[in-house]
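So the structure is just underneath, and the comments pick up after that.
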Amino acid sequence: MGEDAWDRPTVRPQTLEGLIDLVESRIEVATVPRPQTPVRQLVVYDPFDRPIARGDLVVAAGLDSHGIEAEKLLRAAGKAEAAGVVLREAREPGRKQELRSLAEQAGTALLFRAAWMNWPRLIGALGAAVAIGPVPDDANVPLGDLGGLARLIAVQVQGAVTIEDPDSRVLAHYAESAALDPIRILTISTGQVPEERRRAMTEDGFFKELWSTEQVLHRRAAGDIPERMAVAVQAGGERLGSIWVAALNGHTLQDSAVEALRIAARLAAGHLLHHHSRHHGRSELLTEATRAVLDGRGSGALLARHSGLPADTRCAVLAVGVAGPLDDDLRVRLARHAGWHPAGPGRSSLLLPSDRGVLILLAGLAADLPSAELQVADYGRRLAADLSARLKVRALAGLGPVQGRLDHASRSRESAELALSGLLFGRAELGCATVDQVADAVALRHVLETLRDLPLPVRTSVSRLVAHAEQGGDRSLLNALRAYLDHSGELGRAADSLGVPRTTFANRFQKKVLEISRLNVGNPDARLLAHLQLRLLDHDGPAAS
């Protein structure tokens, strides 16, 4: 972006390549046969609207990528010499390849919406990119170099420059002189316009005026606040940021600064859109990209591009939780300490919060399956032990099966969460396990969840004991029956497990438990039902029985 750009701002159609540069993290590029194709307008596809025209970038919101209509649209776009088509992300890699091949045959570009984007946000960004047009190419200010842009603007306006986002956070700043006013110094040092200044400008209507015009706004000097100029940076209805110029101490801003700022706003639009696409919410984008892959609706290749994880090597998922209640404070500490734990095999891992705790995606595992499985098991054991020691609660890790590529990580996640549910429900002392190792606990949990809402037409032995306890009776009778059934009807072992003398326990069991419950201990069906209902009590509380 040389100095002549200030005198001759270029107005040309955006190219497909230039548009992709501006919104790169929000889309997945399938194929672009002609990168320099001009994008003349953005069109939201409606089959009952006007026909597709040359240079249209067609956004197919609401169209199923797996349906025949998507194929028809690609052929029609190629025939009309459209710039390209944007489709909803295709879940299956095979389908993506089919659509890519079809687009190449039709001679049209194919882009997929990133799995973590919604249509309104993507359409807004694409509309802004089309409206901005090509960003002037200059080695001194490469696309997204906001610091270099601030320096170039400062030279033109002869003042102290800040480039800010729509929330008044400082993205870049530059001044040729250190002679800055106190507010400018505080804004730059904290990275944010002081709250009292924001409040004052909101109350006097300045921000409302700023975002409603393309004109440069001028604020005269007042007291120790020097003269300022500001202009909004917007494109396609999207607020991208603002540029502020403050007069240096002892100086005034020249009239030429007004036109320079108008040009700067046009030049800055592309840089700000690119910056937001690449930097704003990077952690959110990575989180949503990970969530999309683990949900089975995202692209492993796209996640690999943004995270650095290898897309085509073995991977696995661990579901991590704690025995007992998981309140918000413990949830935060669990995620924090899991993030501090040494990285997984190959130092390639991502962490995602979940309902039961956290999910950890391990990638870059050993090429041979047995070695990869050993890596996952060893990591799970060390992680569970480390978290238990740090959190002072029993941490548990469900181990998902190793998969061949990131696109299949959702299969590992499903098994890992089942394994964790078995660890949380079962009575084994394992710190980590695969779903096969806790299969009985997982199956029993599902049986009990089915029984939870199943009305029973009769009163049972356990329901009689619960009613007795709720009417002020002895609730420990339920514990006595549970111990008896847990120890296969051996009264002595049941008494020992509760720390009660054997004779006392036997007398109490015969005269209290059996008398109130009327359980037929000789009937295996009656014992099975009682055991299931007691486990349901453990799982859901007294109301469940």
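What to note about this one:
- Mean ellipticity per residue at 222 nm, deg cm²/dmol - from DSSP H runs of n ≥ 4 across the chain, formula -39500 (n - 2.57): -14000 deg cm²/dmol
- The apolar share of the surface of region 400-545, taken as the fraction of accessible area on carbon and sulfur atoms (1.4 Å probe, ligands and nucleic acids excluded), comes to 51 percent.
- Accessible area expressed per residue, region 398-496, with surrounding protein chains retained (probe 1.4 Å, Å²): 49
- Remark: region 238-309 carries 41 Å² of accessible area per residue (probe radius 1.4 Å; ligands, DNA and RNA excluded).
- Dipole in debye (nearest 20) - the chain, about Cα centre, beta carbon charges: Lys, Arg +1; Asp, Glu -1: 1720
- Relative packing of 181-191, 359-369, which averages over residues the other C-beta atoms within 10 Å, highest first: 359-369, 181-191
- Tyr484, Tyr45, reordered so the largest accessible area comes first (probe 1.4 Å): Tyr45, Tyr484
- Residues of type aspartates and glutamates that Lys511 reaches as a straight line, Cα spacing below 17 Å, ignoring anything fewer than 8 places off in the same chain: Asp474, Glu490
- Accessible surface of region 290-370, 1.4 Å probe: 52 percent of it comes from carbon and sulfur atoms.
- Packing-based ranking of 316-322, 326-332 yields 316-322, 326-332, ordered from highest to lowest mean Cβ neighbour count within 10 Å.
- Calculated FRET efficiency, Arg475 to His446, Cβ-Cβ distance, R0 = 30 Å: about 0.60 to the nearest 0.05.
- Here's the picture: a label point sits 7 Å out from the Cα of Ser488 along the beta-carbon direction, and within region 503-530 the residues with their amide nitrogen under 19 Å of it are 521-530.
- Within the same chain, lysines fewer than 8 places from Lys96 are excluded, and of the rest, those with a Cα less than 27 Å from its Cα are Lys72, Lys79.
- C-alpha long axis of helix 119-132 to longest principal axis of the chain, angle in °: 20
- Residue ranges 465-474, 74-83 sort as 74-83, 465-474 when ordered by packing (mean number of other C-beta atoms within 10 Å per residue, highest first).
- With 0.36 nm allotted per residue and the present C-alpha distance subtracted, the Gln97-Asp355 stretch has 89.5 nm of extension available.
- Cβ-Cβ FRET estimate between Arg262 and Thr287, R0 fixed at 41 Å, reported to 0.05: 0.60
- Relative to the current alpha-carbon distance between Arg459 and Arg333, full extension at 0.36 nm per residue lengthens the span by 40.9 nm.
- Share of carbon and sulfur in the accessible heavy-atom surface of region 78-200 [1.4 Å probe, %]: 49
- Rounded accessible area per residue of region 163-203, 1.4 Å, Å²: 54
- Set against the labelled values (1) 236; (2) 137; (3) 246, volume of the Cα convex hull per residue in Å³ computed from this structure falls on (1).
- Local electrostatic count, Glu203, Cβ distance below 13 Å [Lys/Arg +1, Asp/Glu -1]: 0
The values are calculated or read from the model by the stated rules, or taken from the named source; none is laboratory data. Because the structure is predicted, anything quoted here is derived from the model rather than measured. Positions of Cβ are generated from backbone atoms using ideal geometry, with glycine treated the same way; all protein chains shown enter the neighbour counts. Just the protein is used for accessible areas: all its heavy atoms, side chains included, with ligands, DNA and RNA removed. Shrake-Rupley method; radii C 1.70, N 1.55, O 1.52, S 1.80 Å.
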